[in-house]
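Structure first, commentary second.
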Amino acid sequence: MAEPSRGVRLGVDVGQVRVGVARSDPHGILATPLVTLARDLAAAPDGVPTDMAELVRLAEEHEAVEIVVGLPVNLAGKHGPAAANVSAYAARLADVMGTIPVTLTDERMSTVVASRRLAERGVRGKRQRAVVDQAAAVEILQSWLDAQRRRTQ
């Protein structure tokens, strides 16, 4: 199987209120937290929400070759309302991104794992809420990167 192309990937955790963003190194080995964006739920249907405009800017700034969006699949592997919401977000993001591909990946339990890891490090309460979306984006992107590497070994 072909080696995945080199380049930075952005990992995105889409929540109801916030969007967590992580980035990988150009070699696709390590995901690191980048930023948490506020969801722009007031954008006109024909307008570009500010969170998506900022994702485009981040993709350009970091020369991203792909955007990896976590799809919240439930534990039984089914797609519920949250997955439909994220799928719609990813489709609109793909339109806004232009030539940069947007990929959906199973993010089952990413926020739970991220919250647990932050708590283990003593980050709780308001401090945790401020960074949990970024940490979830790291979990999503790191899992995707690891899966890509396993596929090429």
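The values are calculated or read from the model by the stated rules, or taken from the named source; none is laboratory data. Please read these numbers as outputs of a predicted model, since none were measured by experiment. Cβ placement follows ideal geometry from the backbone for every residue including glycine, while neighbour counts extend to all protein chains displayed. For accessibility, only protein heavy atoms count, side chains too; no ligands or nucleic acids. Shrake-Rupley method; radii C 1.70, N 1.55, O 1.52, S 1.80 Å.
Would you mind telling me the share, in percent, of accessible area of segment 33-85 contributed by carbon and sulfur at probe 1.4 angstrom? Walk me through the numbers on the way to the answer.
On the way: 1690 of 2860 Å².
Percent of accessible area from carbon and sulfur atoms in segment 33-85: 59.
Grab the Cα-Cα distance for A53 and A82, subtract it from 0.36 nm times how many residues apart they are, and report the gain in nm with one decimal. Don't skip to the answer; put the middle values down first.
Working: separation 29, 0.36 × 29 = 10.44 nm, distance 2.20 nm.
Length difference between fully extended and current span is 8.2 nm.
Each residue of segment 54-63 in turn: what ³J(HN,Hα) in whole Hz from Karplus with 6.51, -1.76, 1.60 and θ = phi - 60°, glycine and Pro shown as x?
These are the phi-based 3J(HN,Hα) values: 5, 5, 4, 4, 5, 4, 5, 4, 9, 6 Hz.
Taking the highest mean first, how do the peptides 44-56, 135-147, 20-32 order by number of other beta carbon atoms within 10 angstrom per residue?
135-147, 20-32, 44-56
Could you go through segment 14-27 in sequence order and give the Karplus-derived ³J(HN,Hα) for each residue, using 6.51 cos²θ - 1.76 cosθ + 1.60 with θ = phi - 60°, rounded to whole Hz, and x for Gly and Pro?
Here the 3J(HN,Hα) series is 8, x, 5, 10, 10, 10, x, 10, 10, 9, 9, 6, x, 8 Hz.
Just how much of V73 is accessible, in Å², when a 1.4 Å probe is used and the result is rounded to the nearest 10?
Number for this one is 20 Å².
Using a Förster distance of 30 angstrom, determine the FRET efficiency expected from the C-beta separation of R116 and A44, and round it to 0.05. Intermediate values should be presented prior to the final figure.
Numbers: r = 39 Å, r/R0 = 1.29.
It comes to 0.20.
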